[in-house]
DNA sequence: GCCGTTTTCGGCCCGACTGTTTTCAGTCG
């Protein structure tokens with residue numbers, strides 16, 4: 001049974017986009033955006049949820065529930081069909097061009113008949129845009145450049161693994177400036193999204209101008225997109241956009257909250273601020289002045305300050321000077337700003353880890369003191385999937401890996417070299433026997449337990465590299481699909497289920513075979529896999545390689561719900577790859593994983609008991 | 001269209017930058 005949420009989410013997103021293009025009421029548009037987000041992170045498959053419980057999902061009311069029900073019953077949503085006939089095909093595509101929003105896209109279509117990026121390009125070449133109201137030659141040139149950049153890449157998201165070194169390089173350069181008190185990257189990279197749209201860099205400095213100037217003229221920058229007093233946007237030499245904000249050191253905490261996001265999280269906590277008679281922006285948390293102009297009397301009743309009144313006063317029609325109307329940061333007394341924790345505390349919230357800031361219930365949990373104690377890299381006691389130079393693609397000897405593991409404070413690691421199923425790489429049974437002798441010779445000099453392990457290949461028919469009698473000699477077995485990734489869902493599910501049934505397979509490695517930004521991973525019936533894992537006592541791996549991060553976040557949530565044990569593994573092939581433990585833990589945090597659900601956050605005795613338990617159950 | 005540590009109705013986050021304007025709309029995050 002297919003998981004319906006992804007399709008539903010896409011449909012609600014399309015409704016929201018088409019409504020926005022149709023200039024529907026913006027709050028209605030946002031309701032659909034929020035519904036799409038809520039569906040995307042829902043733990044339950046909405047197609048299996050009793051219809052009456054749909055509205056128990058936050059952001060889903062009666063109207064949304066009816067549309068979900070119609071989709072599940074009929075495979076269509078009337079509202080969406082209607083919108084599709086109203087909004088010309090192609091206009092939605094136009095709004096994908098950065099800098100081109102719904103209003104302009106619709107106008108260009110209406111005036112020039114433009115209905116695709118290609119026809120937009122022709123209109124720009126023909127200098128037709130500059131004659132339209134509100135547009136000019138500069139806009140034409142800007143759009144031309146944007147379309148060129150779009151054409152170079154099929155996807156405008158960059159794997160975080162590629163963005164991080166660029167962000168660190170930018171930060172290191174800015175940190176050298178004498179004016180820079182603090183430098184950090186924020187945004188989706190700090191939240192550890194698996195892909196990022198841009199890099200957000202925050203600098204604390206009393207004098208912003210030299211910092212902005214330094215970025216504009218940096219060797220790392222190819223093109224300056226926007227240059228203001230507070231904000232600079234550039235395209236880096238490696239093609240990724242970076243945004244720089246410079247703030248006063250006293251505003252560091254509020255700025256980090258604002259710049260880390262997510263947008264949905266920011267909106268949630270800003271709404272919370274408004275309900276408390278406060279206003280939150282990147283400069284701090286402030287008291288909201290009554291009547292939108294006079295300063296609040298200290299200790300005055302906040303209840304009589306109408307929420308939104310200050311904002312309404314700045315709408316068109318307001319006759320006050322602009323600088324007074326939009327100087328929100330200067331109107332009320334400062335409540336908090338210096339550190340992130342101060343800002344959250346002033347909103348009666350515990351500090352929320354960046355990886356949780358997606359408006360998926362973390363604000364409510366922080367208010368209730370119910371935030372989970374999420375797993376960190378420091379909780380890991382060992383690694384249950386790493387390669388030595390005994391098999392073809394591992395680069396490092398057992399000795400140096402063991403020393404490195406010891407220096408990280410880990411108690412154990414599983415040397416999981418490939419076997420004969422991968423002929424280019426793997427060891428045969430005799431090879432593993434020789435490796436076993438080497439392991440014995442290694443002893444426990446470093447105080448680390450080295451588990452005798454193998455990464456088995458799951459063949460097309462679900463068979464493993466060795467028979468049970470050979471498998472029984474290993475301390476720990478990871479099994480994974482490495483070949484024939486193009487098989488259909490039924491076939492992939494069946495072969496993985498076969499592997500799970502083996503009494504000697506203790507974990508399934510990188511379940512879907514995805515490579516972020518390169519290949520999506522094959523389809524598999526996750527429900528069936530989870531059920532089999534739970535019944536047999538088999539763990540699922542969270543592969544910490546930043547190229548993989550496989551399981552996906554939503555799959556981890558479902559594994560937690562199904563009661564399946566997880567591992568967080570480095571899949572290291574080099575010493576440096578051991579740092580993947582950090583990526584794996586941060587990725588797991590996004591799914592709210594706690595240490596008790598991660599096998600390698602437990603002592604080695606627990607790992608051995610996990611192995612023994614399965615052999616007893618399945619043997 | 002959703003929702004309530006004020007509310008079942010009346011609200012709904014906030015600011016920066018650009019290009020085209022002479023006071024602002026559109027877009028973005």
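The values are calculated or read from the model by the stated rules, or taken from the named source; none is laboratory data. If you're wondering where the values come from, they're calculated on a predicted model, not measured in any experiment. Virtual Cβ from ideal backbone geometry, glycine too; neighbours counted across all protein chains shown.
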(request) Among what's in region A:216-234 and is in a strand (DSSP E or B) and under 26 Å from the mean Cα position of the chain (by Cα), pick the residue that is farthest from DNA strand B (Cβ to nearest atom). (result) A:221
(message) I'd like the full set of residues that are at pLDDT 90 or above, more than 28 Å from residue A:100 (Cα to Cα) and within 7 Å of DNA strand B (Cβ to nearest atom), limited to region A:20-58.
(response) A:55
(request) Take region A:243-267 and flag every residue that is more than 7 Å from DNA strand B (Cβ to nearest atom) and within 18 Å of the chain's Cα centre (by Cα). (result) A:256, A:257, A:258, A:259, A:260, A:262, A:264, A:265
(message) Just to verify a result, which residue in region A:579-596, among those that are part of a helix (DSSP H, G or I) and out of contact with any helix residue (DSSP H, G or I) (no Cβ under 6 Å at 6 or more places or on another chain), is nearest to residue A:557 (Cα to Cα)?
(response) A:588
(request) Kindly indicate whether any position in region A:501-522 is assigned to a helix (DSSP H, G or I) and assigned by TED's automatic domain parsing to the domain that holds residue A:386. (result) yes
(request) Check A:113, A:134, A:145 and return the single one that is near DNA strand B (Cβ under 8 Å from one of its atoms), exposed (fewer than 15 other Cβ atoms within 10 Å of the Cβ) and either within 31 Å of the chain's Cα centre (by Cα) or on the phi > 0 side of the Ramachandran plot (or both). (result) A:134
(message) What pairs come out if I take residues in region A:32-58 that are without any contact (Cβ under 8 Å) to a residue 12 or more places away in the chain and pair them with residues that are more than 13 Å from DNA strand B (Cβ to nearest atom) and assigned to a loop (DSSP other than H, G, I, E, B) whose C-beta lies under 9 Å away, six or more apart or interchain?
(response) A:53/A:44; A:56/A:49
(request) Please specify each residue of region A:194-215 satisfying the condition of being within 16 Å of residue A:163 (Cβ to Cβ) and within 12 Å of DNA strand B (Cβ to nearest atom). (result) A:196, A:197, A:198, A:199, A:200, A:201, A:202
(message) Being at pLDDT below 90, in contact with a strand residue (DSSP E or B) (Cβ under 7 Å, 6 or more places away or on another chain) and either part of a helix (DSSP H, G or I) or in the same structural domain as residue A:381 (by TED's automatic domain parsing) (or both) narrows it down to one residue among A:439, A:422; which is it?
(response) A:422
